[in-house]
Structures are given as structure tokens and as C-alpha cells.
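The structure appears below as C-alpha cells.
The values are calculated or read from the model by the stated rules, or taken from the named source; none is laboratory data. Fair warning: this is a prediction, and the values are worked out from it, not measured in the lab. Cβ sites come from the backbone with ideal geometry, for glycine too, and all protein chains shown count toward neighbours. These accessible areas exclude ligands, DNA and RNA; they are computed on the full protein's heavy atoms, side chains included. Shrake-Rupley method; radii C 1.70, N 1.55, O 1.52, S 1.80 Å.
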Amino acid sequence: MEEPKWLEGLLRTKFFNICLRHRETPRNECNMFCLSCQNAPFIRRSSYHDVVRVSEIEKVMDIGGVQTYVINSARVLFINERPHPKNSSHGAASSTTKTISYFCETCCRTLLDPFRFCSLGCKVKGMRKNKEEEEERLRKERQQETHKGTHPPTHSTSNSRRRKVIPHRAPFAS
């Protein structure tokens, strides 16, 4: 996933606090994030967490693999990782029924459906981690290829390392 330039700023922004640029206005909550100073706001608040409408963010980036929810009749996704519930039984399976559990690859939060991530922030972390792991794997492969030609050849038989000596023969019987 190629990250848009504005994504890091979106993930770091603290929404629904007093906006530093609009302190003097009556409604000075920071509840918008402008991608190009021409787009409509797309940050919303749900259960004290910042969400974005799927219909608005999917226009500007790939959100595949992120769990979505319907809140107030709008399909949304969470911007950042949410805290885990303190006493949750979602992950526990009943002894009479077999349940399938899905978990966020980044924070291990229980998911409702077979998605990979619980939020946009977790997807970014997961993609960065995967990219770093892939780069490390490629670096190791290149290092092995570089050193492959510098090692002396190994022989498969143990006889090849013996010294050549005069063979001992059994004495002639007369």
C-alpha cells in the first residue's frame, strides 16, 4: 500500500479538542481534516473514538482489510487503534458451540468479520512492519548470494579429504 502524504498527519491529529487555529470562534472543536483545503470534512465521532466514513476515505486511499461498522446508518472505520475492552467475552468460545474468532494482525483486537485490521492506524502499522520484514528478508538473501561464491567448495564424501598414502596390501600366502 502506497501511503498518501497526508496519512501520517491524520493518524497523529487529536480531534474534538479546541482547534489551535480557531480558538476565538464559538464552535472551535477540531473535527475536520483537510486533505487539500478544498475537500469537505470527513472525521466523525463515535463512542468517543474518531471514525471516518468509508464512502469518503475510500476515494483517497485503499482501505482493504480494515474492519468496517455501521453507526448511525453510515458505514465507517476507526482511524486509530481502540483500547481493548476490560471484560470481553468475544474471544472466548462456548463449550457447546464452536465459534471462529478473527483478530487484528497488529493489536490482536477481536474482529467481527474476517478482516486483517481493526483500524486504519493498525493497517498502516501492519503494512510498515510487513515492508520492513520483506526488506530484511531481501537483504539476507542478497547477503547469502554475495557470500555464496566466496566460500571454498565443500565435498560430499569424507574420502576426499584423506591424504594419499601407499596402500597396504595383505601379505602373499605361500
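Heavy-atom accessible surface of ASP50, to the nearest 10 Å², is about 30 Å², with a 1.4 Å probe and all protein chains retained.
Scalar couplings 3J(HN,Hα) for the stretch 63-69, obtained by applying the Karplus form with A = 6.51, B = -1.76, C = 1.60 to θ = phi - 60°, are 10, x, x, 9, 4, 10, 9 Hz; x denotes Gly and Pro. Annotation: extensible slack from HIS147 through TYR69 equals 23.0 nm (criterion: 0.36 nm per residue apart, minus Cα-Cα distance). Among the protein heavy atoms, those of GLU135 account for about 100 Å² of accessible surface (1.4 Å probe, every chain in place).
Where does each of HIS84, HIS49 land when they are ordered by accessible area, with a 1.4 Å probe and the largest first?
HIS84, HIS49
The accessible-area ordering, largest first, of the residues SER101, SER73, SER55 stands as SER73, SER55, SER101, per a 1.4 angstrom probe.
Sorted largest first by accessible area at a 1.4 angstrom probe radius, with every protein chain in place, the residues PHE172, PHE16, PHE103 fall in the order PHE172, PHE103, PHE16. Among the trypsin sites (Lys or Arg not before Pro) in the stretch 95-134, those located in a DSSP loop and surrounded by at most 10 other Cβ atoms within 10 Å of their own Cβ are LYS98.
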